[in-house]
Amino acid sequence: MPATTSLKLPDTLKSRIAPLAEAEGKTAHAWMVAALETQAALAEKRTAFVAEALAAEQETLQSGAMYAAEDVHRYLRERTAGKASSRPQTIRR
């Protein structure tokens, strides 16, 4: 069951939303619900991305396995040019 929430909008924002909602064939309410859903999904994805990046950083620090940036760049340039290329070698730090 949907929860009721009161949202006070500045008049200028409310007047901007109305034509946008109408252009999409939605009520202002439906348009705002969709906008909030989109922003919530983006925030959740951002949070998951940061958590994965921090976990990857910890894994890298624990293993000590890294690649020299110039080797990775060379590999990517050659592969995108359609050339055969050997994978970069890991280095330990």
In percent, what relative contact order does the chain have, based on Cα pairs under 8 Å that are 6 or more apart in sequence?
18 percent
Under 16 Å between alpha carbons, and skipping anything fewer than 8 positions from Lys14 in its own chain: which lysines qualify?
Lys26
Give the distance, in whole Å, between the Cα centre of region 28-70 and the Cα centre of region 12-27.
30 Å
Could you give the angle, 0 to 90 degrees to the nearest 10, between helix 28-63's Cα long axis and the longest principal axis of the Cα atoms of the chain?
20 degrees
To the nearest 10 degrees, how steeply does helix 69-80 sit against the main Cα axis of the chain, on a 0 to 90 scale?
80 degrees
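What does the convex hull of the alpha-carbon atoms of the chain project to on average, in nm²? Please report the intermediate quantities before stating the final value.
Values: hull surface 49.4 nm².
Averaging across all directions leaves 12.4 nm² for the Cα convex hull.
Using DSSP to define loop residues, name the GluC sites (Glu not before Pro) in region 1-37 whose beta-carbon has at most 16 other beta-carbon atoms within 10 Å. The partial results should precede the final answer.
Values: sites: Glu22, Glu24, Glu37; in loops: Glu24.
Passing both the DSSP loop test and the Cβ count: Glu24.
Read-outs throughout are calculated quantities, based only on the coordinates presented, and are distinct from any laboratory measurement. On a predicted model such as this, the values are computed, not experimentally measured, just so you know. Note that we place each Cβ from the backbone using ideal geometry, even for glycine, and neighbour counts take in every protein chain shown.
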